[in-house]
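Below you'll find the structure, written out as structure tokens, and then a few comments.
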Amino acid sequence: MNSKRNYYLLIGMGFGFAFLYIPIILLMLFSFNKAKTTTTWSSFSLRWYQVLFENDAIINAALISLRIAVISATVATIVGVLAGIALVRFGKFKGKTFFSGLMVAPMIMPEVITGLSLLLFFVALEDLLGWPDGRGMTTIALAHITFCIAFVAVIIQSRLQGMNEDLEEAAMDLGGRPVRVLFDITLPLIAPAMISGWLLSFTMSLDDVILASFVSGPGSTTLPLVIFSKVKLGVSPDINALATIIIGIVTVGVFGAGWLMNKKEKAYQRDIQMAVAANK
């Protein structure tokens, strides 16, 4: 009975993975197609990669998106880590429930509502203070930071709640100040979660269309907006080439982050065993 159930489970998983990955594989394959059509194979060629790198609009949009994604992910990770530590390590404090609700709100609120509210906020802020001066990279980065902080905070919370506090307590027993314990013990132990949060924020910022469409302006068109506008007129093979490059970068990043997190996890387990042995 169990073998039969496992058989059906494997079939279901096979169909699921095929549904997800076969279109991606076909997209990558047709990025090397010489023909203009994206459905008929002609012959192997790097023609569309050359066309892609000669397209200034796409290159500029990609650079803008990368710059915004790096800034957004970095700031969101810093603020999200602090928020996660406050929610887990500071115990019960006045306004904790309200603060927790504020952290979760961007995750459950529709992006259309978030984008519209941020647009109205930026317009009102410009009328009152004269900043930001129109919509552009600054407003897109602020919108992405606001959206991504919640995801980083949730990841950090999960890591801290499942983490043994023995090393932190041992460091404080040995005279370590809270700030020193934070930088020498806590942050290195939650480094895999911080990397995960940064990568998730980077991906979400790089992929965003809805928020950017509300808060972007002239000269700040991101790569997803360019792709979305081109797709409405029909997919061209250079978009396949662009998607293949992005998939390659993401794949390398995922495997690199996985290797680094696995290394950190082994070091964490080793430190825990040493701490337990020292306390015996």
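The values are calculated or read from the model by the stated rules, or taken from the named source; none is laboratory data. Please read these numbers as outputs of a predicted model, since none were measured by experiment. Here the Cβ is made from the backbone with ideal geometry for all residues, glycine too, and neighbour counts use every protein chain on show.
Exactly one residue out of PHE214, PHE202 is aromatic (Phe, Trp, Tyr), crowded, with 20+ Cβ neighbours inside 10 Å and closer than 26 Å to TYR21 by Cβ: that is PHE202. Restricting attention to segment 173-183 and to residues that are out of contact with any helix residue (DSSP H, G or I) (no Cβ under 6 Å at 6 or more places or on another chain) and surrounded by 15 or more Cβ atoms within 10 Å (Cβ to Cβ), the residue that is nearest to LYS263 (Cα to Cα) turns out to be LEU182. None of PHE122, PHE183 is more than 29 Å from GLN269 (Cβ to Cβ), assigned to a helix (DSSP H, G or I) and of a type in the set (Phe, Trp, Tyr) except PHE122. The residues listed here are PHE90, PHE122; of these, the one that is crowded, with 16+ Cβ neighbours inside 10 Å and aromatic (Phe, Trp, Tyr) is PHE122.
Residue-by-condition table, conditions (1) loosely packed, with under 11 Cβ neighbours inside 10 Å; (2) closer than 26 Å to MET194 by Cβ; (3) polar (S, T, N, Q); (4) more than 21 Å from the chain's Cα centre (by Cα):
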residue	(1), (2), (3), (4)
PHE17	yes, no, no, yes
PHE32	no, no, no, yes
ARG47	no, no, no, yes
ASN55	no, no, yes, yes
ILE64	no, yes, no, no
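Within segment 37-48, residues that are under 10 Å from PRO237 (Cβ atoms) reach partners that are in a loop (DSSP other than H, G, I, E, B) with beta carbons closer than 7 Å, at six or more positions or on different chains, in the pairs THR38/VAL235; SER45/PHE32; SER45/LYS34; ARG47/LYS34; TRP48/SER31.
Take the residues of segment 215-257 that are hydroxyl-bearing (Ser, Thr, Tyr) and within 15 Å of LEU52 (Cβ to Cβ): which is modelled with the highest pLDDT? For segment 215-257, the residue satisfying everything is THR244. Note on segment 79-95: among residues that are assigned to a helix (DSSP H, G or I) and of a type in the set (Gly, Ala, Ser), the one that is nearest to the chain's Cα centre (by Cα) is GLY80.
The number of residues in segment 103-119 being of a type in the set (A, V, I, L, M), free of Cβ contacts under 8 Å to residues at least 12 places away in the same chain and in a helix (DSSP H, G or I) comes to 2. Pairs are defined by a Cβ separation below 7 Å, a sequence spacing of at least 6 or placement on different chains, a first member in segment 124-140 that is touching a residue at least 24 places away in the same chain (Cβ under 8 Å), and a second member that is of a type in the set (Phe, Trp, Tyr); the pairs so defined are ARG135/PHE122; THR139/PHE122.
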